[in-house]
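The values are calculated or read from the model by the stated rules, or taken from the named source; none is laboratory data. Being a predicted model, the structure only gives us computed values, none of them experimental. Cβ placement follows ideal geometry from the backbone for every residue including glycine, while neighbour counts extend to all protein chains displayed.
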Amino acid sequence: MTSNATATTDLRDGFVPFPADLAQRYREAGYWAGRPLGELLRDAARRGPERPALLCDTVTTYAELDRDADRRAHGVLALGIQPGDRVVVQLPNTPDFVPILFGLLRAGIVPVLTLPAHRRAEIEHLTRLSGAVAYLIADRVGDFDYRELAAEVSARVPSLRHVLVLGDPGPFTDLDSVVADGDSLPEVDAAEIALMLVSGGTTGLPKLIARTHDDYAYNARASAEVCGLGPEDVYLATLPVAHNFPLACPGVLGTIATGGAMAFVTDPSPESAFAAIERHRVSVTAVVPPLAQLWCAAVEWEEADLSSLRLLQVGGAKLAEVNARDVAPALGVRLQQVFGMAEGLLNYTRAEDSDELVCTTQGRPLSAADEVRVVDEHGHEVPAGAEGELLTRGPYTLRGYYRAPEHNARAFTTDGFYRSGDLVRRLPSGHLIVSGRIKDVINRGGENISCDELEEHLLAYPGVRHAAAVGLPDPALGEKVCAVLVTAGELPSLPEIKTFLTARGLATYKLPDVLRQADSLPVTAVGKIDKRALAARI
Ligand code: OOB
């Protein structure tokens, strides 16, 4: 690759920092500890050097992991990548992810964490937007060759100077050769950007969310505490580890903060995940609702010892109450609902919550410093228990997307609250019930129908595995309601569905006009049902 640098643009250019007064408050209150993320691992290795960190065919101890991360930090710096530079990272769920991530963090280099399912459109966009100088990939996963993707992207994005490959490098640089010994690493300021997450937004191209060391370390530590993680826990990264949920809620970073062990699967199917749970005695993992449903069903046919599993976190999309009630009896675990976003705010159900709260709510905010407002379309707070849009601000919630001033003007209030676009109801206990997305509605002849609400009812029909409500164009109504069902047996008839929904008390205008059957529903990069792709398919 050529090494003539188009000068790397300044990292802070386009970053929206926390206002100084709030930053000071978060520091004084101890939310922000002033320690860079790289030190999480340093501390764990100091406390328990011989403790198991990464579980695979072999066991990597914390001391080994710590050394590996340092050698990689020196290695990338020796290549000429500098503190503050951005590096697009796209790796499958492998234990190597951990030393690679920590190597970058300790060098003060900013990883842009993309998902394995991203392809040229997203990677090219994210590389340009971040001004990345390097792209870090695995050689191939399944049938897909990331080196071909890298060749395309580097031909199009001039800032990209290095492609580093885990595995067979082909024409690029072998990532495992990018190691060096050294004495001192650059000083990393905890108030600076540590890493960038990709927004899970479903409209337009993804946006970048810059998370600081201070805010993200708090995110991981506080999440670990709420989940009761400790050194005896074994966390399984089931979802793609570049996603906020398995990365830091509490995920890999929370596990490191508490000195536990981690295992990884590239394939979240019951067959592969259950085998990993049994083999590594996994105690905690996180999944999206469609996967939770699949796992609950799979105990019928998969023989595996899941007795080590104590906590199953489910989040990323609404977990229907009927499905929530299945989790504990089917898998013999405690369910935790997690309603979070890459932008920041996390809500968890707690160990001390009643089963009723755990099955019917999406949890309450992680931090006492999380500020939540539930507002109507004019921005006025709604009465307690009423539905409204969730706005939030707090010690680990972004103040603006990276390099997106126009979008930020709409996505934030003037006093810095993030407009989540999620519709929620708040109980007196502070627990939130997610009732839909502002935009995920079908407008049927002027009546608004919440897709989430309808889907929840459809899922209660016996034998319905997955359900999605989508609007189809209709000359008379504007939009009509189409229910797409994945069923265990035969598809029920439309009149049967209507009778069932009416008996559940659903208003007539919300009843589906059309029924479709599908073998499966399309999913996003992290495994949530992809409504846009589904609508395009119909
Ligand atoms: C997580 O993060 P993202 O950034 O992929 O997606 C965030 C959006 C939320 O705004 C909401 O619309 C939806 O996903 N969502 C949920 C939910 N959890 C997320 N909707 C209903 N119920 C839930 N439990 O998805 C994410 C990040 C960290 C932890 C967990 C999930």
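If a residue has to be among the polar types (S, T, N, Q) and within 16 Å of the ligand (Cβ to nearest atom) to count, how many in region 398-431 make the cut? Reasoning before the result, please.
From region 398-431, those among the polar types (S, T, N, Q) are 408, 413-414, 420, 429; that's our starting set.
Checking the rest, the ones that are also within 16 Å of the ligand (Cβ to nearest atom) come to 420.
Adding up the residues that qualify gives 1.
Table: residues versus (1) away from the ligand (no atom under 16 Å from the Cβ); (2) touching a helix residue (DSSP H, G or I) at 6+ places or on another chain (Cβ under 6 Å).
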residue: Gly230; (1), (2): yes, no
residue: Asp233; (1), (2): yes, no
residue: Val241; (1), (2): no, yes
residue: Pro246; (1), (2): no, no
residue: Ala261; (1), (2): yes, no
residue: Ile277; (1), (2): yes, no
residue: His280; (1), (2): yes, no
residue: Ser283; (1), (2): yes, no
residue: Leu291; (1), (2): no, no
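Only a single criterion out of (1) without any contact (Cβ under 8 Å) to a residue 60 or more places away in the chain; (2) acidic (Asp, Glu); (3) assigned by the TED database to the domain that holds Phe172; (4) crowded, with 19+ Cβ neighbours inside 10 Å is not satisfied by Asp143, namely (4).
Taking helices (runs of 4 or more DSSP H) as the structural unit, those lying wholly within region 249-325 and holding at least 3 residues that are modelled with pLDDT under 95 correspond to 289-298.
If you go through region 45-67 and pick out every residue that is of a type outside the set (A, V, I, L, M), free of Cβ contacts under 8 Å to residues at least 40 places away in the same chain and part of a helix (DSSP H, G or I), you end up with 4.
Checking the conditions here, which among Ala525, Ala476 is within 16 Å of the ligand (Cβ to nearest atom), part of a loop (DSSP other than H, G, I, E, B) and either among the small types (Gly, Ala, Ser) or crowded, with 20+ Cβ neighbours inside 10 Å (or both)?
On the way: Ala476 fails: within 16 Å of the ligand (Cβ to nearest atom).
That would be Ala525, the only listed residue that is within 16 Å of the ligand (Cβ to nearest atom), part of a loop (DSSP other than H, G, I, E, B) and either among the small types (Gly, Ala, Ser) or crowded, with 20+ Cβ neighbours inside 10 Å (or both).
If I filter region 304-314 for residues that are away from the ligand (no atom under 14 Å from the Cβ), surrounded by fewer than 18 Cβ atoms within 10 Å (Cβ to Cβ) and within 20 Å of Glu453 (Cβ to Cβ), do I get at least one hit? No - not one qualifying residue is present in region 304-314. Determine, yes or no, whether Ala384 is more than 19 Å from the chain's Cα centre (by Cα), among the aliphatic types (A, V, I, L, M) and either more than 16 Å from the ligand (Cβ to nearest atom) or in a loop (DSSP other than H, G, I, E, B) (or both). Here the answer is yes, as Ala384 does meet what is asked.
Would you be able to say whether some residue in region 508-530 is at positive phi and either touching a helix residue (DSSP H, G or I) at 6+ places or on another chain (Cβ under 7 Å) or among the acidic types (Asp, Glu) (or both)? Yes, region 508-530 contains at least one residue that is at positive phi and either touching a helix residue (DSSP H, G or I) at 6+ places or on another chain (Cβ under 7 Å) or among the acidic types (Asp, Glu) (or both). Being of a type in the set (D, E, K, R), crowded, with 18+ Cβ neighbours inside 10 Å and under 21 Å from the mean Cα position of the chain (by Cα) is true of Asp370.
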